[in-house]
Amino acid sequence: QVHLVESGGGLVQAGGSLRLSCVASVSNGDIDSMGWYRQAPGKQREFVARVTSAGSTNYADPVKGRFTISGGNTRNTVYLQMVSLKPEDTAVYYCYARRGLQTYWGQGTQVTVSS
């Protein structure tokens, strides 16, 4: 079983920065990758970024160059540094961890960017 706890969301003005954190508690086994999705009101949940246990990273096009994901190593912690935030980044951000075919989700943290 994997339990995820996110923190770091909040309200920020456009152009500002936030850092999200996610800690995974793992009962047994290793995590293959960790990352973030987000869901804006009235929209589907979308991929944001991920990091594998080997350190490889992937980003969605809308956040490339503005968001940086780090961690995902044996400490089972992942961070999402977000800079140059835009109102369209407003969403609930969900941390996930993938182990084999199983995906675990955090409860989500709200990020609101005001214009």
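Just a few scattered comments:
- Of the residues making up segment 58-78, those that are modelled with pLDDT of 95 or more and surrounded by fewer than 20 Cβ atoms within 10 Å (Cβ to Cβ) are N58, Y59, A60, D61, P62, K64, G65, R66, T68.
- Within segment 33-57, the only residue that satisfies the criterion of being open to solvent by less than 80 Å² (accessible area, probe 1.4 Å), more than 11 Å from the chain's Cα centre (by Cα) and hydrophobic (A, V, I, L, M, F, W, C) is A40.
- Close pairs (7 angstrom Cβ cut-off, 6 or more residues apart or separate chains): more than 17 Å from F47 (Cα to Cα) in segment 95-115, open to solvent by 40 Å² or more (accessible area, probe 1.4 Å) and in a strand (DSSP E or B) anywhere: T112/L11; S114/L11; S114/Q13
- Residue, modelled with the highest pLDDT, within segment 80-99, restricted to residues that are open to solvent by 40 Å² or more (accessible area, probe 1.4 Å) and closer than 12 Å to A24 by Cβ: R98
- Search result, residues across segment 76-99 that are in a strand (DSSP E or B) and more than 11 Å from the chain's Cα centre (by Cα): A91, R98, R99
- Residues of segment 3-21 classified as open to solvent by less than 30 Å² (accessible area, probe 1.4 Å), farther than 12 Å from T90 by Cα and not hydrophobic (A, V, I, L, M, F, W, C), total: 3
- Residue check, A24 over 24 Å from V113 (Cα atoms), small (G, A, S), open to solvent by less than 30 Å² (accessible area, probe 1.4 Å) and assigned to a strand (DSSP E or B): yes
- Residues of segment 80-113 that are closer than 13 Å to L4 by Cβ and of a type outside the set (A, V, I, L, M, F, W, C): Y93, Y94, Y96, R98, R99, Q102, T103, Y104, G106, Q107, G108, T109.
- Residue in segment 42-53 that is assigned to a loop (DSSP other than H, G, I, E, B) and over 14 Å from A91 (Cβ atoms) present: yes
- Under the condition of being outside any loop (DSSP other than H, G, I, E, B), closer than 27 Å to G16 by Cα and open to solvent by 40 Å² or more (accessible area, probe 1.4 Å), the residues counted in segment 100-113 number 3.
- When D30 is tested against the conditions (1) over 14 Å from the mean Cα position of the chain (by Cα); (2) surrounded by 14 or more Cβ atoms within 10 Å (Cβ to Cβ), the lone failure is (2).
The values are calculated or read from the model by the stated rules, or taken from the named source; none is laboratory data. Since this is a predicted model, take the numbers as computed values, not measurements. Neighbour counts are summed over all protein chains in view; Cβ atoms, including those assigned to glycine, are modelled from backbone coordinates with ideal geometry. These accessible areas exclude ligands, DNA and RNA; they are computed on the full protein's heavy atoms, side chains included. Shrake-Rupley method; radii C 1.70, N 1.55, O 1.52, S 1.80 Å.
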